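Comments concern the structure below.
The values are calculated or read from the model by the stated rules, or taken from the named source; none is laboratory data. In this text the structure is predicted, and so the values were computed from the model without any measurement. Here the Cβ positions follow ideal geometry from the backbone for every residue, glycine too, while neighbour counts run over all protein chains shown. Accessible surface areas use protein heavy atoms only, side chains included; no ligands, DNA or RNA. Shrake-Rupley method; radii C 1.70, N 1.55, O 1.52, S 1.80 Å.
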Amino acid sequence: MRKWNIGWGAVSHCNMNCQFCYSKHRRKYSNDLVFDDWIKFIDENHSKINTINYGTGENTLEDNWFKLVSYIRENYPGIRQALTTNGYLSEAVKNPKNMQIFIDAVDEVDVSLDFCDEKNIMSFEGNQKHMSGR
Ligand code: SF4
């Protein structure tokens with residue numbers, strides 16, 4: 001059976017407000033599904049999934065996201081799980097429970113940074129300069 005590598009935007013909200021954010025409209029105009037929906041989805045589709053990369057918003061803001069990755073590791077250990085984070089992960093894992101789940105259940109982390117300073121990372125103008133290489 002063909003297996004899929006999926007990108008999952010479980011959480012769309014974020015602790016940052018980048019002007020160039022591709023998901024800002026989604027978080028403004030639609031609601032996220034809830035934990036029970038996530039579990040139903042994975043229970044029904046796990047056999048077709050090879051890997052999951054969690055992105056879109058900052059998933060580590062939600063304790064339920066940690067519960068989700070833990071549930072998947074426990075019940076479907078063949079699924080590889082990766083996280084794209086803006087760096088808030090480092091705050092979220094100060095909670096020892098989250099840290100343990102992170103160690104047990106997350107196989108890969110990508111930290112998505114466009115600039116190293118707050119002024120530019122929050123600025124659309126800064127992003128345009130970045131995109132055009134100026
Ligand atoms: S950190 Fe990422 S998800 Fe959050 S507002 Fe910026 S671009 Fe959007």
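General remarks:
Matching residues to (1) more than 10 Å from the ligand (Cβ to nearest atom); (2) in a loop (DSSP other than H, G, I, E, B):
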site	(1), (2)
MET1	yes, yes
ALA10	yes, yes
GLN19	no, yes
THR51	yes, no
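- Residues in the range 69-84 that are more than 25 Å from LYS94 (Cβ to Cβ) and either surrounded by fewer than 19 Cβ atoms within 10 Å (Cβ to Cβ) or within 16 Å of the ligand (Cβ to nearest atom) (or both): 5 in all.
- Test: PHE35 is open to solvent by less than 60 Å² (accessible area, probe 1.4 Å) and more than 17 Å from the chain's Cα centre (by Cα): no
- Cβ-Cβ contacts under 9 Å between residues 6 or more apart (or on different chains), taken from a first residue in the range 23-39 that is within 18 Å of ASN86 (Cβ to Cβ) to a second residue that is of a type outside the set (Asp, Glu) and surrounded by fewer than 10 Cβ atoms within 10 Å (Cβ to Cβ), are listed as LYS24/ASN17.
- Test for GLU91: is it of a type outside the set (S, T, N, Q), away from the ligand (no atom under 16 Å from the Cβ) and part of a helix (DSSP H, G or I): no
- Test set (1) open to solvent by 60 Å² or more (accessible area, probe 1.4 Å); (2) assigned to a helix (DSSP H, G or I) - PHE66 fails condition number: (1)
- THR60 falls short on exactly one of the conditions (1) within 16 Å of the ligand (Cβ to nearest atom); (2) closer than 18 Å to TRP8 by Cα; (3) hydroxyl-bearing (Ser, Thr, Tyr); (4) surrounded by fewer than 19 Cβ atoms within 10 Å (Cβ to Cβ), and that condition is (4).
- Residue in the range 12-30 that is aliphatic (A, V, I, L, M) and more than 17 Å from GLU74 (Cβ to Cβ) present: yes
- Yes/no for ASP43 being out of contact with any Asp or Glu (no Cβ under 6 Å at 6 or more places or on another chain), part of a helix (DSSP H, G or I) and either farther than 21 Å from GLU108 by Cβ or within 15 Å of the ligand (Cβ to nearest atom) (or both): yes
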